[in-house]
Amino acid sequence: MNDCLYMVQLRLDPVLLIQFAQDHGVNQAADEDLGYGVHAWLAALFGPLAPKPFRLLEPGTAWRKDQPLQWLGYSRQDGATLREQAETFALPLALAVCDVAELTAAKPMPATWPVGRRLGFEVLACPVSRRETEKDVFLRRVESMGETHPPVNRVTVYGEWLARQVKGAATLESVQLAGFRLVRLLRRSQRTATQEWRFGRPVMLPQALLRGVMTVRDEAAFAALLARGVGRHRAFGYGMLLLRPSA
C-alpha cells in the first residue's frame, strides 16, 4: 500500500448528483446528509480506490442549482491515479457529476507530524457507541447517570468521546461544539434471497461539528489516524480531520 496520503477536492454539480442518486435508487428522504448518495457515487466513480474518509462541506445548507457542492477526501492514491481510474471505468452519469481534471490538484499531506506539534482541527463526526444498537454517546451517558449525579452537557461528553478516538496519536487540548443537529441516515442491511441489498429502517443519529486544538503524541499513530478518520460512518461523510495551524 502506498504510504503517502493525499487530500483531494472536487466541485460537484448538485443537480447531476441528485440525478445519479435517483437513477440508482438512493435519492431518498431518509438520506438527509446525502451520505449514502455520495458513498454510492464515489463507488461508481472510483471503485475500490474510493477515498475515505471524506466530507461534503455544509451538507445541511440550502443548495443552489448554480452553486457547486464542495467535496474533500483523503486518499492513498495520487490525483493522476484516481483520474485514470474514473475516466477508464466510471459510469457515465457518475463521471458527469464532477470535472475529474480537478484531481490533478491533489495535495500530498506531510509525511511526518512532529511530536509536540499543536494543530487546530475541525471534524464532522457522528458520536455514537454501539452495543445492541447505535446510540448518541451523550444520551447513553445521561441514561447511565443516577439522579444524584451532577448534570453533564454535550460538549463535555463529545469531547471525552473524541479524546478516546485520538488516544495514542494525539492529546486534545480544547474542543468546542461548533454545530449540532439530528439527521436521518440511510444505510443498507443484509442481502435478500435474490442477492440484492436492501435498506433498513432509517436511523436518527447525531451530527456534531467539533473544533479545537490537539497535540501530536506519536508520529506514526497520528498519520494513521488522519488516514483512517475518527468514529463511525467514515465511508458516509464523517470523521475526516481537517487541520489548521495553531499558535
Check: Take the residues of the stretch 213-230 that are among the β-branched types (V, I, T) and out of contact with any helix residue (DSSP H, G or I) (no Cβ under 7 Å at 6 or more places or on another chain): which is surrounded by the fewest Cβ atoms within 10 Å (Cβ to Cβ)?
Finding: T215
Check: Taking into account only those residues within the stretch 22-39 that are surrounded by fewer than 23 Cβ atoms within 10 Å (Cβ to Cβ) and hydrophobic (A, V, I, L, M, F, W, C), which is modelled with the highest pLDDT?
Finding: V26
Notebook entry, point to check: With L210, L182, L139 as the choices, which residue is modelled with pLDDT of 80 or more, surrounded by fewer than 16 Cβ atoms within 10 Å (Cβ to Cβ), closer than 23 Å to K52 by Cα and in contact with a Pro (Cβ under 9 Å, 6 or more places away or on another chain)?
Noted result: L182
Margin query: Quick test for you: out of V97, V115, pick the one residue that is in contact (Cβ under 8 Å) with a residue 12 or more places away in the chain, over 30 Å from L12 (Cα atoms) and out of contact with any Ser or Thr (no Cβ under 8 Å at 6 or more places or on another chain).
Written below: V115
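How about the stretch 236-247: which of its residues are small (G, A, S), over 15 Å from Q165 (Cβ atoms) and buried (at least 19 other Cβ atoms within 10 Å of the Cβ)? Please lay out each step first, then the result.
Keep residues of the stretch 236-247 that are small (G, A, S), which gives 237, 239, 246-247.
Then keep just the ones that are over 15 Å from Q165 (Cβ atoms); that gives 237, 246-247.
The one that is small (G, A, S), over 15 Å from Q165 (Cβ atoms) and buried (at least 19 other Cβ atoms within 10 Å of the Cβ): G237.
Report, by residue number, each residue of the stretch 49-104 that is polar (S, T, N, Q), loosely packed, with under 13 Cβ neighbours inside 10 Å and at pLDDT below 95.
If the condition is that a residue be polar (S, T, N, Q), loosely packed, with under 13 Cβ neighbours inside 10 Å and at pLDDT below 95, then T61, Q67, T104 are the ones that fit.
Can you name the residue in the stretch 105-120 that is small (G, A, S) and loosely packed, with under 11 Cβ neighbours inside 10 Å and is also farthest from D218 (Cα to Cα) among such residues?
Of everything passing the filter in the stretch 105-120, A111 is farthest from D218 (Cα to Cα).
The values are calculated or read from the model by the stated rules, or taken from the named source; none is laboratory data. Values in this document were obtained by computation on a predicted structure and should not be read as measured data. Positions of Cβ are generated from backbone atoms using ideal geometry, with glycine treated the same way; all protein chains shown enter the neighbour counts.
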